[in-house]
Amino acid sequence: MGVTFRLKNTFRRFLERPGTTVDLRPFEKLLPEIEARGEELADLSDEELTELAGQAKELVEICALGREAGWRALGERAYDVQVLGVLALLGKTVAEMATGEGKTLAAAIAAYGHVVRGFGPVHVITVNDYLARRDAGWMEPVYKLLGLTVGYVTGLSTPAERREAYKQDVTYVSVSEAGFDYLRDQLATDIDDRIQAELGTAIVDEADSILIDEARVPMVLAGTIANEQDPVHTAAALVRALRPKRDYEITDDGRSAAFTSEGLARLEKVLGDIDLYDTEHIAQLSALNVALHAEALLERDVDYIVRNQTVELVDEMRGRVAHRRRWPDGLHAAVEAKEGLNATAEGEVLGTITVQAYVMLYPNLAGMTATAVHVGDELREYYSLEVAVIPSNTPCVREDEEDHIYATNAERDEALIEVIREHHEAGRPVLIGTLDVSASQILHKGLTDAGVPCVVLNAKNDDEEAAIIAEAGTYGAVTVSTQMAGRGVDIRLGGSDQSDRERVAELGGLYVIGSGRHNSRRVDDQLRGRAGRQGDPGGSIFFVSLEDDLVRHHAADSLPAWPKMKFGGLVDDERVTAAVEHAQRVAEGVNHEIHRNTWRYSVVIEQQRKALAERRERLLTTEVAAEMLKARCPEKADEIEDDSLLELGRAIALFHLDRLWAEHLAELAEVREGVHLRALGRVDPLDEFHRSAVPAFNRLIPEIEERTVATFEEMDLDEGWAPERAELIRPSATWTYLVNDNPFGSELDRLISMVGRTMKSRG
Amino acid sequence: MLSAFISAFKTPDLRKKILFTLGIIAIYRLGATLPSPGVAYGNVQQCVEAMKTGDQSGVFTLLNLFSGGALMSLSVFALGIMPYITASIILQLLTVVIPRLEQLRKEGQAGQAKITQYTRYLTLGLAVLQSSAFIALARSGQLFNNMCNEFPIVPQTSLPDWVTVGMLVITMTAGTGVVMWLGELITDRGVGNGMSVLIFTSIAARLPSEGWQILDSQGVWGFVGVIALVLVVITLVVYIEQAQRRIPVQYAKRMVGRRMYGGTSTYIPLKVNQAGVIPVIFASSLLYLPQLALDFMRSDNPGKVYIFIEKYFATPTSWSYILTYGLLILFFTYFYVSITFNPTEVADNMKKYGGFVPGIRPGKPTADYLSFILSRITLPGALYLAIIAVLPNLFFIALDSQAYQNFPFGGTAVLIMVGVGLETVKQIESQLMQRSYEGFLR
């Protein structure tokens, strides 16, 4: 290690740059001790090991026992770097560990450590059901040796199975299942109906993906409400007849669309010469706006796919089909109408929580991923988590080539297929990561036409996908997949049995090709990380086209008019390379800004949710409702027995609490939508949002009481009372109109943009 | 408002923030009174005394107001927050001209952080320039209108001149760096916007001495009268600053859960004083020009033009001066509002996201409607600004004295102080609301 390198590192540490704040040196000093203790443990019987495991408290003991248990149960002895990972996880940080370094085992030992130190129960949060099931099963013998029980939850688990799984010491569960279980518990009307036990510690797998990318995704529980009329199909038909540019306009960033005056006139004529902006036609106008959004902004096979007569969303972060996810606010029905399907019933939001808020409910939080440093600042800002960079066991020898940039999509695809064909013919396995489902289909067709057999991963279920991706390292294999496919599954050279390992390694190992830059460097790095596992040879390259959405949306004006080109449309111009990188940074900034804004506005809602949850808890577990009724309507309350009054009062009060909360959420959504306009009065929109949200919430508590009393007074005691329970469905989506909560900029910005406009119009 | 402060102090988190801000303010004031090395403090005080009695309409008085008197005494924080503000404005302007900066601005937070870094470098650069200029002016006596040439503020010492001057420049530049940091600290960890709070502090810091001066010259009853008048003015300003016309807006994007909540939750607030304090600053800066011209034309036998300008446009008590001042403010108010509130842009934004004013069609009709309301509301706003701004001048006529030219109860100062005060209180209130759920249930 050179002096300048050390100096630079010291300086970075002084600046608290992510990845430098966790000092691994004290951990490294423990390694010899752990090694020595491990040798002592080797002589013990399994029973003695289990008994010792129950008493361990010290880090050294925990790691040594965990390592020994892993060796006995799985035949895998944790490397020193894995032990460092365990220590980082026990220290409640995010451990950055390279792909294939055995994160699963490290997490298991850390989970054991947290339980035995009294921070249980531990939830290991995974990205999908497949990984939850696989990891729980895989690690079960280890836990058994350590004297712990383990369970897992998937989307198919019944409530009884879930309750059982959450009772175990360690539970493997995907983030959305855990979040929805929590939300459903929040609506339980009987204590026995609840599923989750208390929350202790969360160890988050693929922490960057869950804690950052998906953080702003709200998990929403909604009840179905009957819709008397069906304006969506008429609206869809009307909008379909419109022509883009003439009748409606889409903004450059592709996030919103609006009718032009001409389009409006056309619509109003068809609807019978009405004024859509009259208050009585607002429902129709809403339907048309939503239909326009569905028609103009959501693209089939990019944003959603149609399968078995249903519309299924594609997760924009992962490029995978998101099961049981819906767009909110009638958009989903509008998309269904656009595709000529039956529109499903619309949901009214009953409860909502963002992934971020859910994860923060855990008193103890740790995480692991292969790419954490890039999001270090955000992890610190939102979760107060630091990143510990764990060195890899064997240095990575993957060769990352520079981007190949082409002027058009056609030229890029041609070159891409040519490169794949060359490598395929040589026998080198190739993995191609595409940006979306339709791109993978186009590529599939192109490869088939060129005579290259390939496997395409899209919209398959997680299990099959894992099996396919595990074979992506086979001699001559060509695999096309979207960005996150098969994450968490190792790609071994020469296939999962490693039969052809030598032959493939000689050819240079797995070759990873990205068919376009993603919205963040981190996702690019994840894709690259599929190759070069545990010191394997490998290579990676990205093929970019100047017609990619990323470049068009974010760097259209930074591209030189006449870039220098080579034969075949390959661009060789530093300015273009810089522009592509600029586009990616802009995209990262935009995403970050959306995340931050969503978060800033959700903080107050989150506090209100917690406050109301406390109140709900009291209603559910104590007799406050009955007491209140006795005090407020003593005569009627005396007519029935105490037991039934208790039950009845509780049911009525809970019903009104849930209803009012749903109404409150709708009101806040309404305020949020237009609050950016307040900036025009030189006030901070966020402050104004609080100013609306807080009094509205303070009115909620007395209102619950009033409504409860009113219902009780009105009801007929002989007939009893049953609330109209809405059926629970679970939509969830990312739905953002605005990147910035002040689109007009500060006054200075406006002044300057005015100056700029004047200058440009003259110049 | 008082109760807000009391409950703010009961919230540990917020109490910490407020105390932190007060601590920073204390440091800022300490630095503003701390003389730089090489400055004769005794002479500074004598000089300030001399200035009080004389005519003090100089170019630097406004700057001195913003630095809380630190400029005239060449203290460590003599330059105050002004270089930082200037640097921010310059960099904002440069984003229009330099494509690289425009790119950075688009890259969001990471890019913005780089621009902030450039702003800091530029601040230090400006600080070197400004401190050199002021030191030169101070040494030649011009900074004080040649009124205290007998008490040299930077006296000759045995050290060579370049050492003294260099030391002063370094000290003031470093001081500016510290002020910049203090401002950022307030924004990050305290309450309110750092720059505004520091300007507020500087202006407020002059209140006691100016008040003393009034007490001295007008006696107790005069003093009480002035205070009463000032309170009336402040109350008026507080009311009008908060006055706004709310134009209801409706968003038609949601198919479910949409209810009418009285239509009050979403609106465009059009303030009566939509322009803020800027028109006053523009107008008074423009009215400095005749004064500046006179300084250059000064001679033993003044010509007709000189006398004309001096009588009608450089004497704050003359009716022509007051009238011109008022008219300039009216003009700048309309001008500034038309720049910063672009009805077409607002209408376009609303249309883009599916919003509209009930009963009015989106696009041009909405823009027309907005500019109609705006033009009607701007007139009272402009008149109000003009009246507040010329009040001190009327005051001079009443008191028959020119000694209070820039006294801090004047229009600009009151407007700035009330503005910053309201903004900060609102922020505290909002944070207080956010935290009001702790112990919500008892």
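The values are calculated or read from the model by the stated rules, or taken from the named source; none is laboratory data. Quick caveat: nothing in here was measured; it's all calculated off a predicted structure. Neighbour counts run over all protein chains shown; Cβ positions are idealised from the backbone, glycine included.
Among (1) under 21 Å from A:V127 (Cα atoms); (2) surrounded by fewer than 16 Cβ atoms within 10 Å (Cβ to Cβ), which single condition is A:P395 missing?
(1)
Restricting attention to the stretch A:76-88, which residues are of a type in the set (D, E), in a helix (DSSP H, G or I) and over 17 Å from A:R25 (Cβ atoms)?
none
When the residues of the stretch A:232-256 are narrowed to those that are at the interface with chain B (Cβ under 8 Å from one of its Cβ atoms) and in contact (Cβ under 8 Å) with a residue 24 or more places away in the chain, which ends up surrounded by the fewest Cβ atoms within 10 Å (Cβ to Cβ)?
Selected residue: A:S256.
Just give me the residues in the stretch A:47-67 being of a type in the set (D, E) and under 17 Å from A:F27 (Cβ atoms), in sequence order.
Hits for the stretch A:47-67 are A:E58, A:E61.
Here is a check on your reading of the model: is A:F689 surrounded by 15 or more Cβ atoms within 10 Å (Cβ to Cβ), within 27 Å of B:G381 (Cβ to Cβ) and at pLDDT 85 or above?
When the stated conditions are applied, A:F689 passes them.
Please give the strands (runs of 3 or more DSSP E) falling wholly within the stretch A:197-311 in which 1 or more residues are more than 30 Å from A:Q168 (Cβ to Cβ) and at pLDDT below 85.
Of the strands (runs of 3 or more DSSP E) lying wholly inside the stretch A:197-311, those with at least 1 residues that are more than 30 Å from A:Q168 (Cβ to Cβ) and at pLDDT below 85 span A:218-224, A:248-250, A:257-259, A:304-307.
For the stretch A:553-573, which residues satisfy the criterion of being away from chain B (no Cβ under 14 Å) and either more than 27 Å from A:T479 (Cβ to Cβ) or under 25 Å from the mean Cα position of the chain (by Cα) (or both)?
A:W562, A:P563, A:K564, A:M565, A:K566, A:F567, A:V571, A:D572, A:D573
State whether the residues of the stretch B:27-38 include one that is among the small types (G, A, S) and assigned to a loop (DSSP other than H, G, I, E, B).
Yes, there is a match, as at least one residue in the stretch B:27-38 is among the small types (G, A, S) and assigned to a loop (DSSP other than H, G, I, E, B).
Anything in the stretch A:184-219 that is β-branched (V, I, T), under 17 Å from A:Y362 (Cβ atoms) and buried (at least 23 other Cβ atoms within 10 Å of the Cβ)? List them, or say none.
Passing the criteria: A:T201, A:I203, A:V204, A:I210, A:I212.
Name the residues in the stretch A:694-709 that are more than 8 Å from every other protein chain (Cβ to nearest Cβ), under 31 Å from the mean Cα position of the chain (by Cα) and buried (at least 19 other Cβ atoms within 10 Å of the Cβ), would you?
Passing the criteria: only A:F697.
Report those helices (runs of 4 or more DSSP H) wholly inside the stretch A:89-182 carrying at least 2 residues which are under 20 Å from A:V489 (Cβ atoms) and in contact with a helix residue (DSSP H, G or I) (Cβ under 7 Å, 6 or more places away or on another chain).
It comes to A:103-116, A:129-145.
For the stretch A:589-618, name all the residues that are in contact with a Leu (Cβ under 7 Å, 6 or more places away or on another chain) and acidic (D, E).
Across the stretch A:589-618, the qualifying residue is only A:E614.
Examine the stretch B:74-83 for a residue that is in a helix (DSSP H, G or I) and modelled with pLDDT of 80 or more, and state whether such a residue exists.
There is at least one residue in the stretch B:74-83 that is in a helix (DSSP H, G or I) and modelled with pLDDT of 80 or more.
Quickly run through the stretch B:321-344 and pick out the residues that are facing another protein chain (nearest Cβ under 10 Å), crowded, with 20+ Cβ neighbours inside 10 Å and part of a helix (DSSP H, G or I).
Once the filter is applied, which keeps residues that are facing another protein chain (nearest Cβ under 10 Å), crowded, with 20+ Cβ neighbours inside 10 Å and part of a helix (DSSP H, G or I), the stretch B:321-344 yields B:Y336, B:T340.
For (1) charged (D, E, K, R); (2) assigned by TED's automatic domain parsing to the domain that holds B:L231; (3) within 24 Å of B:P37 (Cα to Cα); (4) surrounded by 15 or more Cβ atoms within 10 Å (Cβ to Cβ), each residue gets a yes or a no:
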| site | (1), (2), (3), (4) |
| --- | --- |
| B:T123 | no, no, yes, yes |
| B:S132 | no, no, yes, yes |
| B:I153 | no, no, yes, yes |
| B:T173 | no, no, yes, yes |
| B:I199 | no, no, no, yes |
| B:D216 | yes, no, no, no |
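Checking the conditions here, which among A:W721, A:W661 is at pLDDT below 80 and either out of contact with any strand residue (DSSP E or B) (no Cβ under 8 Å at 6 or more places or on another chain) or not assigned by TED's automatic domain parsing to the domain that holds A:A631 (or both)?
The unique qualifying residue is A:W721.
When residues of the stretch A:663-693 are filtered for being at the interface with chain B (Cβ under 9 Å from one of its Cβ atoms), touching a helix residue (DSSP H, G or I) at 6+ places or on another chain (Cβ under 8 Å) and within 30 Å of A:K630 (Cα to Cα), how many remain?
Number satisfying all stated conditions: 0.
If the Cβ limit is 7 Å and pairs must be 6+ apart or interchain, which residue in the stretch A:610-624 that is within 9 Å of chain B (Cβ to nearest Cβ) and free of Cβ contacts under 8 Å to residues at least 12 places away in the same chain pairs with which residue that is part of a helix (DSSP H, G or I) and surrounded by 14 or more Cβ atoms within 10 Å (Cβ to Cβ)?
Once the first residue is within 9 Å of chain B (Cβ to nearest Cβ) and free of Cβ contacts under 8 Å to residues at least 12 places away in the same chain and sits in the stretch A:610-624, its partners that are part of a helix (DSSP H, G or I) and surrounded by 14 or more Cβ atoms within 10 Å (Cβ to Cβ) give A:R618/A:V624.
Could you grab the pairs with beta carbons closer than 8 Å, sequence gap of 6+ or different chains, first residue in the stretch B:356-381 and of a type in the set (K, R), second one part of a helix (DSSP H, G or I) and surrounded by 19 or more Cβ atoms within 10 Å (Cβ to Cβ)?
These pairs meet every condition: B:R361/A:L264; B:K364/B:A347.
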